[in-house]
Amino acid sequence: MTLSIPLIDIPFDLRHTCWFCAEPCDAHFEYHANNHTSHPSLSVPACKECLKLAKQHKLTSIWECQVAVKDELMRIYAKHLAIGINWTEQELIDSEFSCKVFEGFKKSGWMMYLIARDRVNAPSWPIVIDGVPLESDQVNSNFEFDGVKYPSLSKAISHYSETLGLDKLFLQAVVSQVGRARFGYAVRLCRINITSNKRVKQEVLKDLAIEQGEELSNSTWF
Ligand SMILES: [Zn+2]
């Protein structure tokens with residue numbers, strides 16, 4: 001049973017615009033809050049691609065989700081748009097990207113780069129629900145674990161997935177269930193399920209959801 005989730009206020013000139021990447025859109029992404037979420041359930045306009053990414057990268061707040069969607073857009077377009085144009089050092093320096101962000105774009109065409117850049121850089125408008133602004137915890141999105149500071153929770157998840165060979169989407173789904181404070185627990189849970197199939201992992205997520213006293217939201221995590 002799903003209660004209706006409020007759509008955030010949309011500025012007049014941004015109607016039919018994806019909240020994540022500013023591309024034209026006609027879908028909505030519903031963020032179902034749980035015990036660990038610092039904001040209420042809400043829904044934002046999203047293009048098809050960002051909708052799919054957002055469902056997979058819910059994490060523990062809409063802002064973390066947003067960072068993760070941007071990271072994914074970067075990853076996807078860095079990979080697919082490498083069409084062999086060589087960049088000069090000066091072009092790299094002149095770009096608005098940080099060196100790190102730009103790494104993946106070095107081999108992409110200029111136009112494709114511009115499109116991707118604009119999607120990644122698109123400033124999502126502030127979240128306001130029925131005229132009431134939602135306090136953003138975006139500035140505090142840094143994440144520290146085991147003595148290491150990560151620029152975002154999503155970066156920490158990527159790091160742990162790669163280093164330990166974990167299922168990244170599963171780890172994300174677990175973290176979004178148990179909250180960022182139990183990150184170590186989430187990692188351990190993924191490690192003991194390293195050879196588990198999707199069905200088993202789905203069961204684990206269901207158990208966690210029951211533990212939290214909620215139904216697993218209908219978002220797909222894989
Ligand atoms: Zn989008």
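The values are calculated or read from the model by the stated rules, or taken from the named source; none is laboratory data. Being a predicted model, the structure only gives us computed values, none of them experimental. Note that we place each Cβ from the backbone using ideal geometry, even for glycine, and neighbour counts take in every protein chain shown. Keep in mind that these areas ignore ligands, DNA and RNA; they rest on the heavy atoms of the full protein, side chains included. Shrake-Rupley method; radii C 1.70, N 1.55, O 1.52, S 1.80 Å.
Screening the range 147-180 for residues that are over 17 Å from residue 60 (Cβ atoms), in contact (Cβ under 8 Å) with a residue 24 or more places away in the chain and out of contact with any Phe, Trp or Tyr (no Cβ under 9 Å at 6 or more places or on another chain) and picking the one that is surrounded by the most Cβ atoms within 10 Å (Cβ to Cβ) gives 164.
Can you say whether residue 70 is surrounded by 15 or more Cβ atoms within 10 Å (Cβ to Cβ) and either within 16 Å of the ligand (Cβ to nearest atom) or modelled with pLDDT under 85 (or both), as far as the supplied structure shows? Yes: the conditions hold for residue 70. List pairs: first residue in the range 16-33 and within 14 Å of residue 121 (Cβ to Cβ), second residue within 9 Å of the ligand (Cβ to nearest atom) and charged (D, E, K, R) anywhere in the structure, Cβ distance under 6 angstrom, at least six positions apart or on different chains. Listed pairs, sorted by first residue: 21/119. Looking only at residues of the range 1-35 that are assigned to a loop (DSSP other than H, G, I, E, B) and aliphatic (A, V, I, L, M), we find that the one that is farthest from the ligand (Cβ to nearest atom) is 1.
For the range 181-198, the set of residues classified as surrounded by 18 or more Cβ atoms within 10 Å (Cβ to Cβ) and either charged (D, E, K, R) or within 23 Å of residue 38 (Cβ to Cβ) (or both) consists of 183, 186, 187, 189, listed by residue number. Filtering the range 36-52 to residues that are more than 16 Å from the ligand (Cβ to nearest atom) and out of contact with any Ser or Thr (no Cβ under 8 Å at 6 or more places or on another chain) leaves 40, 41, 42.
Which of the following residues is of a type in the set (D, E, K, R), part of a loop (DSSP other than H, G, I, E, B) and open to solvent by 70 Å² or more (accessible area, probe 1.4 Å): 144, 135?
Sole residue among the options that is of a type in the set (D, E, K, R), part of a loop (DSSP other than H, G, I, E, B) and open to solvent by 70 Å² or more (accessible area, probe 1.4 Å): 135.
The selection criterion, being modelled with pLDDT under 80, surrounded by 13 or more Cβ atoms within 10 Å (Cβ to Cβ) and in contact with a strand residue (DSSP E or B) (Cβ under 8 Å, 6 or more places away or on another chain), holds for residue 116.
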